[in-house]
Number of protein chains: 4
Amino acid sequence: MAPTGPPDHRANPVRTARLAHKDASTIAAQPSRATGNDRSADSSATGSTGSRSTGSRRSEAARLAVLNAADDLLVEYGFEALTIEGIAAAAGVAKQTIYRWWKSKVDILFDNLVLDAGTALAWPEHPSGPADVRAYVHRFAAFLGEEPAGRVLQALLGHAQLDPRTAELLHGGFLDELRARDVAHVRTCLALADDDRAAVVLDAVLAPLYHRALVLRRPHDTAFVDALLDRQLDRQPAR
Amino acid sequence: MAPTGPPDHRANPVRTARLAHKDASTIAAQPSRATGNDRSADSSATGSTGSRSTGSRRSEAARLAVLNAADDLLVEYGFEALTIEGIAAAAGVAKQTIYRWWKSKVDILFDNLVLDAGTALAWPEHPSGPADVRAYVHRFAAFLGEEPAGRVLQALLGHAQLDPRTAELLHGGFLDELRARDVAHVRTCLALADDDRAAVVLDAVLAPLYHRALVLRRPHDTAFVDALLDRQLDRQPAR
Amino acid sequence: MAPTGPPDHRANPVRTARLAHKDASTIAAQPSRATGNDRSADSSATGSTGSRSTGSRRSEAARLAVLNAADDLLVEYGFEALTIEGIAAAAGVAKQTIYRWWKSKVDILFDNLVLDAGTALAWPEHPSGPADVRAYVHRFAAFLGEEPAGRVLQALLGHAQLDPRTAELLHGGFLDELRARDVAHVRTCLALADDDRAAVVLDAVLAPLYHRALVLRRPHDTAFVDALLDRQLDRQPAR
Amino acid sequence: MAPTGPPDHRANPVRTARLAHKDASTIAAQPSRATGNDRSADSSATGSTGSRSTGSRRSEAARLAVLNAADDLLVEYGFEALTIEGIAAAAGVAKQTIYRWWKSKVDILFDNLVLDAGTALAWPEHPSGPADVRAYVHRFAAFLGEEPAGRVLQALLGHAQLDPRTAELLHGGFLDELRARDVAHVRTCLALADDDRAAVVLDAVLAPLYHRALVLRRPHDTAFVDALLDRQLDRQPAR
DNA sequence: CAATAACCGAGACGGTACGTCTTGTCTTGCG
DNA sequence: CGCAAGACAAGACGTACCGTCTCGGTTATTG
């Protein structure tokens, strides 16, 4: 009997405690970047030292509480039951605080995605051949298929089919960049002649992964990924 | 001047005219089958004469008006702006009439999908080799990438990522069946030994198509489909 | 320790029970007249029998629950703490149901005022001399100074000082009519030559009453009213 | 083109200029006395030079900007549209600066009222008979019926009907004192035997003025005041 | 050829969430 | 320490849809 509805929106005066899998140190280095909420970005445009000269600063605790609450609620009750009011209540935050920094629940999830992807989908700094590609693809498959992060990406990909603004955000702010980066790394690691060839290889590997996750709804399967890589990466046996 | 919002929900007193691409004759043969709303299906199961003793029967005009209104509104304003009230108003139908026969807007779209797929994704009755597969895949790619029908499938696939009930409906009531049928036809047409092998070929072709449509958001491209088929069908025995 | 805040807005699924001092029979004859919400008024403009040909009718229970809840909350917590949400919760009614029939809390109070004044400020059908005026003025003073009704009139008079729309509603929809009626009756009862003379007498009596209630904040005092009447009504002793 | 809403709350960086009808010299002599926010009053009580040992003193410019902004906004957009945030923005002052010195917008208006009444409703220092009363009543009627000041008194009288705290402030801090002073002067000027008799005369004159202003909403009319005075002052011994 | 169900339009209703607005408190840095 | 700036928790606003529920009016069998 899966829980099908969200919980009561009773206040839950959350404080910095229980900020689960994202700790403040990580975030302080990267405050809400992707959606353009970033104030330092603005200031860098206007002046050198700038930022905001006076007044209170954004509450880091609130930001993290919101991101984590959204993540938790998404995993527990699903995207449809995810509401701004619910997130606010679960995070122990006022609704207006959310609207001040995010335009929609999609925006919040997007920030979560960027945060998670930043750590989970990194390429090694010094490429060292096809093994890097194998490792990356395994990491990608795991990211797509496992709990908090994959659920977010899945939801955003789904919602992007329904809402052009989400599609714009997801592609313009994440997928395009991700793909460009992946293509470049694949080209380097496999010593390919040009980006187009790298893109073909990348697609040949990623398309079945997306297909499995979004269309076939099959769970993450390491063996499947290995077989796929064997077939596409010059048929060199996986070990 | 792009229309960015839905229109007023001003009444649009039901017009059987302007029922565009679905005419009554087509539909009368297949009334609202997929979601189990169908009364004739029920009655045929329970008895021959009985069914419903007295009273008027379901209005075919209303059913078509709803299906078409939903389709039109989806194409014009998108899934997010699609509401039961909006459909009712656009169809010139009472809200309750919709709720009597469908459970949600997803249900309505699903009926549309089944209707459209029934004609667009048919296999020839007498299989005649790989050319059938090529033709079918081309038809499928077109279906996925072109206006009313593809938009519906795309929306439902997207929504299935967000809502388990939609996923259940879409897979249990459409995709699984479609896939089974496709596998069988591919096996026959390509003279493959077993279904697993046919499934591998099918996935190898469909995965890139779904990937392009859902993840890369590239438009339908006949050349791409041909290249894909050349690559996957010529060296069928992939080992 | 006076209660200074409103109670929790916990649902209070009120049903027709506890509809205090206004019973359905009274109201059925006069549904929400003053603010122009009345549908029969519309229909009388369009046709003879009319009203609304089909569909569900306005819920009398909801209307009474709202009016009484507003009254109760006003008396208990004051005008400032009176909110549409609070009324809805206390009446066990959805917010939208209130907005469907009233524009604001002022509108609701106004309906209450009209309702109460209709019974409390009636003149006898057959005028019989100065005694009628005395009786009426006493009734008016009591109305102004006692609980539910006076509180409403006081609040509306106060709010009319702050908001032109309230002033327009209160004067155009109630006070002007009341005054015209009062002038006419005073003229008849005192056998005065013209309306102007009657207005002077009426103002001479009412001004001190309003002054006491609104400016001096003195409680209702029968002796004061009698003395006032003695002075203004031809100095005939009050007995 | 009547402006029906308040303007944007765009910052209006404090301008000491355009402080209209209250100049600094007037105010310096009487800073924010009535609500007890006054620091100089405190300091004058504690010592002569000392007052507040360190830190900056209250900004006179800010105080005046707030008072005038409140007045202007009240006159232009009405009491309902008057908000602390709006006043702060219009005055080019931080919200907290307002909250530091006043408890509510009513408090601000009250300070304005006391300020204006101090000059407009003064009695001559040396009473010289009934003519003084006539002059005072004319001044009072003008005060009640004309722009900035009358609007404030009207608003506060109205709000006092809705909010006990406002009533307490207005009566305890202004009206009672005003009335006591008026009664004393009337008694002296008309050579009446006791205060009660003076109060009766005063009420007989003021009640119709308040009635006209608050209930009948008639504009200020010198002829009406004269007629009223003729009637009430000539037959002073009303028995 | 009535009676009698069921359909259908209309739309009121109890709800939930939306996104906005204002309140009163607070925090941060400048002067 | 006052002040400008403004983030924050709180909570009401008025709107939009949801899904349920009467209402009458309209068909279309079926007794």
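The values are calculated or read from the model by the stated rules, or taken from the named source; none is laboratory data. Model, not experiment: these values are computed from the prediction. Cβ coordinates were reconstructed from backbone atoms using ideal geometry, including for glycine residues, and neighbour counts include every protein chain displayed. Ligands, DNA and RNA are stripped out before the accessible areas are found, and what is left, the full protein with its side chains, is counted by its heavy atoms. Shrake-Rupley method; radii C 1.70, N 1.55, O 1.52, S 1.80 Å.
For D:Arg197, state whether it is of a type in the set (Lys, Arg), part of a helix (DSSP H, G or I), open to solvent by 10 Å² or more (accessible area, probe 1.4 Å) and in contact (Cβ under 8 Å) with a residue 40 or more places away in the chain. No; evaluated as a whole, the condition is false for this residue.
With A:Ala94, A:Ala90 as the choices, which residue is surrounded by 23 or more Cβ atoms within 10 Å (Cβ to Cβ), over 21 Å from A:Glu146 (Cβ atoms) and either at pLDDT 95 or above or within 10 Å of DNA strand F (Cβ to nearest atom) (or both)?
Only one candidate qualifies: A:Ala90.
Here B:Ala180 fits the description: in a helix (DSSP H, G or I), open to solvent by 10 Å² or more (accessible area, probe 1.4 Å) and of a type in the set (A, V, I, L, M, F, W, C).
Among the residues that make up the range C:151-160, is at least one of them within 11 Å of another protein chain (Cβ to nearest Cβ) and free of Cβ contacts under 8 Å to residues at least 12 places away in the same chain? Within the range C:151-160, one or more residues are within 11 Å of another protein chain (Cβ to nearest Cβ) and free of Cβ contacts under 8 Å to residues at least 12 places away in the same chain. Condition check: of a type in the set (Asp, Glu) and either within 14 Å of chain C (Cβ to nearest Cβ) or more than 30 Å from D:Cys189 (Cβ to Cβ) (or both). Does D:Glu125 satisfy that? For D:Glu125, the condition - of a type in the set (Asp, Glu) and either within 14 Å of chain C (Cβ to nearest Cβ) or more than 30 Å from D:Cys189 (Cβ to Cβ) (or both) - is not met.
On the basis of being touching a residue at least 60 places away in the same chain (Cβ under 8 Å), open to solvent by less than 10 Å² (accessible area, probe 1.4 Å) and away from chain A (no Cβ under 14 Å), does B:Val114 make the cut? So B:Val114 fails the test. When you look at A:Ala204, is it in a helix (DSSP H, G or I), of a type in the set (A, V, I, L, M) and surrounded by fewer than 16 Cβ atoms within 10 Å (Cβ to Cβ), yes or no? Answer is no for this residue.
Residues to consider are B:Asp203, B:Asp196, B:Asp182; find the one that is closer than 21 Å to A:Pro208 by Cα and within 9 Å of chain A (Cβ to nearest Cβ). After applying the criteria, what remains is B:Asp203. Could you go through the range A:175-188 and let me know if any residue there is in the same structural domain as A:Thr222 (by TED's automatic domain parsing) and within 12 Å of the chain's Cα centre (by Cα). Yes; the residues of the range A:175-188 include at least one that is in the same structural domain as A:Thr222 (by TED's automatic domain parsing) and within 12 Å of the chain's Cα centre (by Cα).
Each row is one residue, and each column tells you yes or no for (1) without any contact (Cβ under 8 Å) to a residue 24 or more places away in the chain; (2) basic (Lys, Arg).
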{"site": "B:Asp107", "(1), (2)": "no, no"}
{"site": "B:Arg134", "(1), (2)": "no, yes"}
{"site": "B:His138", "(1), (2)": "no, no"}
{"site": "B:Ala141", "(1), (2)": "no, no"}
{"site": "B:Arg165", "(1), (2)": "no, yes"}
{"site": "B:Gly172", "(1), (2)": "yes, no"}
{"site": "B:Arg179", "(1), (2)": "yes, yes"}
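Taken as a whole, the range A:164-173 holds at least one residue that is open to solvent by 20 Å² or more (accessible area, probe 1.4 Å), of a type in the set (Lys, Arg) and under 26 Å from A:Leu73 (Cα atoms).
D:His126 passes every criterion in (1) within 16 Å of DNA strand F (Cβ to nearest atom); (2) without any contact (Cβ under 8 Å) to a residue 40 or more places away in the chain apart from (1).
Given the structure, is C:Leu229 under 23 Å from D:Leu206 (Cβ atoms) and at the interface with another protein chain (Cβ under 10 Å from one of its Cβ atoms)? It is false that C:Leu229 is under 23 Å from D:Leu206 (Cβ atoms) and at the interface with another protein chain (Cβ under 10 Å from one of its Cβ atoms).
Of all the criteria given as (1) surrounded by 14 or more Cβ atoms within 10 Å (Cβ to Cβ); (2) more than 17 Å from the chain's Cα centre (by Cα); (3) within 26 Å of B:Val200 (Cβ to Cβ), the one not satisfied by A:Ala223 is (1).
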